[in-house]
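Before any comments, here is the structure.
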Amino acid sequence: MYWALPKRVNKYILKNMNIIITGATKGIGLALVKLFALQGFNVAFCARTVDAVNGLVAELQNKYPTQSFFGQSVDMREKTQVKAFGKEVLAHFKTIDILVNNAGVFLPGAISKEDEDTLETLIETNVYSAYHLTRTILPAMIAQNDGHIFNMCSIASITAYPTGGSYSISKFALLGFSKVLREELKPKNIRVTALLPGATLTPAWGETSLPESRFMAADDIAKIVLNVWNLGKSTVVEEILIRPQLGDI
């Protein structure tokens, strides 16, 4: 199957399409911001580092002066900050077409050996943040009887491995959240998609000695999100599993 990347077309701007992306200044999140901005979307996003957020807003506004961009520094572990971000986005964009719960943290380890509070850190960042932001945004989507929610899960959502530890627990939980949300929102015309990417070349891998051929590109994951959203309204991709051609690392 060949998925053509849609060209930038004016219909997106005319319809004032709006997207929210969390964890947006690095890796997959940054790739998503840049791709959807190119497509004409207004983009709201968050990340933890103030300078990175402000710099990205300035860069986008300079490049796309007819579009609207809203960025905010948010600690995704903090429920109050996550909910406040969602409310501020709704004050800027009255309708939300896409929500991408992308923010997350990767801390490998064994359950028997990982540091105290590792589970809490990963659950709060990888699961609770998506839960609270989704609940904040959902009333607007329900009112417009339309929307698409993407949850950035992982190969670790379906595969247990020795160094997975609490990271795998959190990603299994995020996939469960996606499945429950999908069932709940079926009659409300809101699509829910769980993405399960394998090794993707992002800053999370640090100074890896592995060749690029062992990884997927963050841009490719962003293109998949755009193509899945671009399907007809009566079609939803519930889960999509994406691996490097050479397999898992």
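The values are calculated or read from the model by the stated rules, or taken from the named source; none is laboratory data. Remember, it's a predicted structure, so these values are computed and weren't measured experimentally. Every residue, glycine as well, gets a Cβ built from its backbone with ideal geometry; the counts of neighbours run over all protein chains shown. Side chains included, ligands, DNA and RNA excluded: accessible areas come from the protein's heavy atoms. Shrake-Rupley method; radii C 1.70, N 1.55, O 1.52, S 1.80 Å.
Table for the structure above
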read-out: Local electrostatic count, residue 107, Cβ distance below 10 Å [Lys/Arg +1, Asp/Glu -1]; value: -2
read-out: Relative contact order, percent, segment 98-249 [alpha-carbon distance under 8 Å, six or more residues apart]; value: 25 percent
read-out: Helix axis angle, 129-144 relative to the chain longest principal axis, alpha carbon, degrees; value: 30 degrees
read-out: 0 to 90° range, to nearest 10: angle between helix 50-63 axis and the chain longest Cα axis; value: 40 degrees
read-out: Gaussian network model of the chain, Cα within-10 Å springs - most flexible of 130, 110, 217; value: 110
read-out: For segment 196-249: relative contact order, % (alpha-carbon pairs under 8 angstrom, 6 or more apart); value: 57 percent
read-out: Computed lengthening from residue 73 to residue 234, 0.36 nm per intervening residue step minus Cα-Cα distance; value: 54.4 nm
read-out: Rounded to whole Å, sorted largest first: equivalent-ellipsoid semi-axes of segment 34-91, Cα gyration tensor; value: 21, 13, 8
read-out: Amide H contacts under 5 Å for residue 99, placed H, 5+ residues apart; value: 20, 148, 149, 150
read-out: Between helix 218-229 and the chain: long-axis angle, C-alpha atoms, 0 to 90°, nearest 10; value: 50 degrees
read-out: Computed [θ] at 222 nm, helices only, for the chain once each DSSP H run of length n ≥ 4 contributes -39500 (n - 2.57); value: -12500 deg cm²/dmol
read-out: Share of carbon and sulfur in the accessible heavy-atom surface of segment 66-166 [1.4 Å probe, %]; value: 53 percent
read-out: Too-long pairs where the Cα-Cα distance tops 24 Å, listed order kept, from 94/188; 79/188; 26/186; 113/179; 26/79; 83/188; value: 79/188; 26/186; 113/179
read-out: Amide H within-cut-off set for residue 198, under 5 Å, with H built and near neighbours excluded; value: 155, 242, 243
read-out: Charge context of residue 83, other residues only, Cβ under 15 angstrom, K/R +1, D/E -1; value: 0
read-out: Accessible area expressed per residue, the chain, with surrounding protein chains retained (probe 1.4 Å, Å²); value: 49 Å²
read-out: More than 23 angstrom apart: percent of Cα pairs within the chain; value: 48 percent
read-out: Probe 1.4 Å, all protein chains present, accessible-area order of 76, 141, largest first; value: 76, 141
read-out: Relative packing of peptides 147-156, 48-57, 220-229, 83-92 - highest average C-beta neighbours within 10 Å first; value: 147-156, 220-229, 83-92, 48-57
read-out: Local electrostatic count, residue 117, Cβ distance below 12 Å [Lys/Arg +1, Asp/Glu -1]; value: -4
read-out: Within segment 126-207, GluC sites (Glu not before Pro) in DSSP loop having at most 10 other beta-carbon neighbours inside 10 Å; value: 207
